[in-house]
Structure formats: C-alpha cells, structure tokens
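To keep things clear, I will list the structure first and then write my remarks on it.
Only the coordinates and a few stated rules stand behind these numbers; no lab work does. Computed from a prediction, not measured in an experiment: that's the story for all the values here. Backbone-built Cβ (ideal geometry, glycine too); neighbour counts: all protein chains shown.
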Amino acid sequence: MGNLYGLIGCPVEHSMSPNIHNDAFKERKLDGYYHAFHVEQDQLTESVKALKTLGVKGFNVTIPHKLSIIPLLDELHETAQIAGAVNTVIHKNGRLIGYNTDGNGYVRSLKDVVRKPLGEQKILLIGAGGAARGIYFTLTHQGCQHIDLCNRTVSKAEELVQQCPFPNTSTSLSLTQAEQQLGSYDIIIQTTAVGLHPNIDQKPISLKHAKSTAVVSDIIYNPIKTALLQEAELLGLTVHTGVGMFVHQAALAFELWTEQKPSVEKMTAIVMDKLG
Ligand code: ATR
C-alpha cells in the first residue's frame, strides 16, 4: 500500500500542491499520493490527530493553521523555530515533527537569479507580517546582515528587527522613506499581500528611484507578474516572481518526506501551466 501525504488548510480547493507532488511521486517512481484536506479552524486538533492515527507520512500546513498547529506537534525543527510557523510536518516513529521550508525555499529560489553571494547584497524587505518574518530571519541566519525593513505600520517593522535573533544592521523605514532611498538597495523583496489577485493594480511602493542593476522579488505568484514586477520590468530591472518560492518550498518538503529530490523544473512547468 502506498504512502499518503497531504495539505491541511482552508481554503485548499485551488491549491496546486497536489498537482506538483503527485507528479513528482510519479516521476520519481514512488508509491505516494498527496491529497488536499479542507480543515476549518475548529477542526484542526481532531484533524491532526486523525492524520496521525491513519498513518499519513507527512503533510503541508497552510493558512490559517501555520501557527496554531505548533502546540499539536511533538517536536519543532530549527527551521520552524526560526520562522515561528510550520508549513511542513513529518510523521516519523509515531512523532509529528514540524518544519518550515518557506524561508529556505525562498532563499534557494532567489539564488537562481542573484549569482553573487547574498551576504554582500543590500536588501530591502517590504512588509512585516508572517511571510516577512520567515524570510528576514532565514536571510539573517544565513549571514545576510544588510537588510532594511519597510512597512505601512513602521512600529511592526521595528518590532521584527528587535525580535531578530541573528546579527544584523537593519533599520526600519516607512514606505515613503524606502521609496526615497531605494537607490541604495541591490535586492528589493515584496512580502505583503498588496498586488495579490484580485487587487492586481496595487503596489506597496514605486520603483522610480531603484538602481538599474536591482533585482525586484515578489513572493506573490497569482498573478505571476504583480504590478510591482511589471513596473520593474518596464524599468529594465531583474524580476523574480513568487513561483520560485512556491516550487522550492514544495521541493524541500518532498525531499524531507522521501529523501529524494524532485525535478524543480517540472514542478515549475506545472505551476506555470496552471496559472496560465
Ligand atoms: P502574512 O502572514 O501573509 O505576511 P500578515 O501577517 O497579515 O500576512 O501581514 C501583512 C503585511 O502586509 C503587513 O506588513 C501589512 O502592513 P501593516 O503591518 O501596516 O498592516 C501589509 N499590508 C497589508 N495591506 C497593505 C496595504 N494596503 N498597504 C501596505 N501594506 C499592506
């Protein structure tokens, strides 16, 4: 009998995770199956218990359970401790172990477009929510010290800088301040929901003052090219879409579960095809 894997969250009906994981099982000739389970907030405890009882080998966790699942797990891996959230669970020897592959998935995908050592780059992070936290802490953990944070509510960016457990030279800025000094950054990373479908015309900042060699990265992948990335492209800047992070976080989860590397290229092709 094959191994069962899955995703818990709500909504999950439009998730592309089943498509990419099931294809990877086939491609790697593994007897695995991945199913998306719609789990409401008040069903989380019983659902996690059920997955454990039924012997599901591993699962992904998405909105709104990434934080609330933590007390239900037997162990938290360093990646989940750093992010303060869980997106991947392994069920091994009767124990549920929580990981987070978002931060490392993001960094891996960024390295596909930034060829220089990330530690030498001056980085601006837009946003101070859960996604920003995961990326900020992962980058600083990997030795990137020059990361400034800008956010609509500056106090939240300040808080995140104060909470960062790794060495950094970060300052917190308003969105307007960041716009004005944009020319000093090599990489600009957009982590808010601004520009997400259906609000596809919205941008958190203008890129007018960005330097011509800058890389502009958006973690949103629906639409593939947000209004921010469209502006970046018009200005001739290098563009990095959220498809990379989505695919790499999935590939890392697949590796944790199966100890085999899936084809990231194939996963990317499936996502691009589905997003049209
Ligand atoms: P996530 O976990 O996806 O990062 P979150 O924790 O709710 O989501 O964080 C949302 C981020 O998007 C925050 O940085 C938020 O800014 P505030 O801290 O000022 O709320 C940012 N955000 C949301 N809507 C925004 C908007 N219309 N303009 C600018 N920033 C916005």
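Taking the Cβ of each residue in L149, L4, L228 as the centre, tally the other Cβ atoms inside 10 Å and list the residues starting with the fewest.
Numbers: L149 29, L4 17, L228 25.
The most exposed by this proxy come first: L4, L228, L149.
Counting only Cα atoms, segment 104-241 measures 35, 32, 27 Å along its principal axes, largest extent leading.
Each Cα pair under 8 Å and six or more residues apart adds its separation to the average, and for the chain the resulting relative contact order is 16 percent. In segment 118-233, Cα pairs under 8 Å separated by at least six residues give a relative contact order of 26 percent. For K261, the aspartates and glutamates whose Cα comes closer than 20 Å to its Cα, not counting residues fewer than 8 places off in the same chain, are D23, E27, D31, D102, D112.
Each part gets one Cα centre, and for segment 220-276 versus segment 101-167 those centres are 18 Å apart.
Taking the Cα centre of segment 104-241 as origin and assigning +1 to Lys and Arg Cβ atoms and -1 to Asp and Glu Cβ atoms, the resulting dipole is close to 180 debye. Screening the chain for whole DSSP H helices of 18 Å or more along their axis (Cα) with average Kyte-Doolittle hydropathy at least 1.0 returns 243-258.
Percentage of Cα-Cα pair distances in the chain greater than 33 Å, rounded to whole percent?
On the way: 8111 of 37950 pairs.
Of all Cα-Cα pairs in the chain, 21 percent lie more than 33 Å apart.
Cross-link check: pairs K225/K274; K26/K92; K57/K111; K111/K266; K66/K156 evaluated at a Cα-Cα cut-off of 25 Å; pairs beyond the cut-off: K57/K111. Dipole check for the chain: with +1 at the C-beta of Lys and Arg, -1 at the C-beta of Asp and Glu, and the Cα centre as origin, the magnitude is about 360 Debye. Placing unit charges on each Cβ (+1 for Lys and Arg, -1 for Asp and Glu) gives the chain a dipole about its Cα centre, and among H38, N22, G127 the Cα reaching farthest toward its positive end belongs to N22. The orientation-averaged projection of the convex hull spanning the C-alpha atoms of segment 11-106 amounts to 6.4 square nanometres.
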